[in-house]
Amino acid sequence: MSALWLCFGRATGFLVLEMPYRTLLAWYLNLIEFVSYSYVLFNEKTLMKLNKVALLSVVCAVLTSGCASYRTSSNIATEASAVQSTNSTVLISEGSLSDRKYKEIAAIEVSVKKLTVFHKDPTKEQANEALTEKARVIGADAVINTTYKSGVGLTTWGYIDAKGTGVKLAD
């Protein structure tokens, strides 16, 4: 169906967004533009039905936007069996642990992205939760030299990236 819209848009000059999973809002705007240019093709009753369908689609998109609000990705696969229990505490530090001995295990990178414009921006706490989860997977007691970067991307309404080094603390 998107290929049909793409061809239709290129042929007529309508607004067409070439990205997977176009939002229903963009679909609604295309429909309004199509209806405004094609008033002579349809009678008023048909146009009213098209407007109702488009409006209902937008309402459904807004109502279901809370179903999936954030997506988390990482360089650490979650399929690996967790070495530590989920109750163990993982220390997150923006600096190094100069007063403790440790052994570096692996670099950990996580990204938390919001999927809709209606949700709050991802927080540092959410990034720390993702770092903690990945640290447990690789058997780390702490994540050191953690850095954060946030913004808006091409495929997301907002994100926060966190990077650090997973370490095993010496007893």
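The values are calculated or read from the model by the stated rules, or taken from the named source; none is laboratory data. Computed from a predicted model, the values in this text were never measured in an experiment. Neighbour counts run over all protein chains shown; Cβ positions are idealised from the backbone, glycine included. Please note that ligands, DNA and RNA were not included when accessible areas were found on the heavy atoms of the full protein model with its side chains. Shrake-Rupley method; radii C 1.70, N 1.55, O 1.52, S 1.80 Å.
Within the range 107-118, the residues that satisfy the criterion of being surrounded by 15 or more Cβ atoms within 10 Å (Cβ to Cβ) and assigned to a strand (DSSP E or B) are I108, E109, V110, S111, V112, K113, K114.
Within the bounds of the range 84-94, is there any residue that is more than 30 Å from V58 (Cβ to Cβ), assigned to a strand (DSSP E or B) and polar (S, T, N, Q)? Steps first, answer last, please.
Step one: of the range 84-94, the residues more than 30 Å from V58 (Cβ to Cβ) are 84-94.
Narrowing the set further to residues that are assigned to a strand (DSSP E or B) leaves 91-92.
Still in the list and also polar (S, T, N, Q): none.
Scanning the range 84-94 turns up no residue that is more than 30 Å from V58 (Cβ to Cβ), assigned to a strand (DSSP E or B) and polar (S, T, N, Q).
Just for the range 83-98: of the residues that are open to solvent by less than 100 Å² (accessible area, probe 1.4 Å) and of a type in the set (G, A, S), which one is modelled with the lowest pLDDT?
Restricting to residues being open to solvent by less than 100 Å² (accessible area, probe 1.4 Å) and of a type in the set (G, A, S), the top hit is S85.
For the range 99-140, what are the residues that are modelled with pLDDT of 90 or more and among the polar types (S, T, N, Q)? Matches in the range 99-140: S111, T123, Q126, N128, T132. When the range 43-77 is filtered for residues that are surrounded by fewer than 14 Cβ atoms within 10 Å (Cβ to Cβ), at pLDDT below 70 and in a loop (DSSP other than H, G, I, E, B), the ones remaining, listed by number, are N43, T64, G66, C67, A68.
Inside the range 122-150, residues that are part of a strand (DSSP E or B), open to solvent by 10 Å² or more (accessible area, probe 1.4 Å) and at negative phi make up a count of 4.
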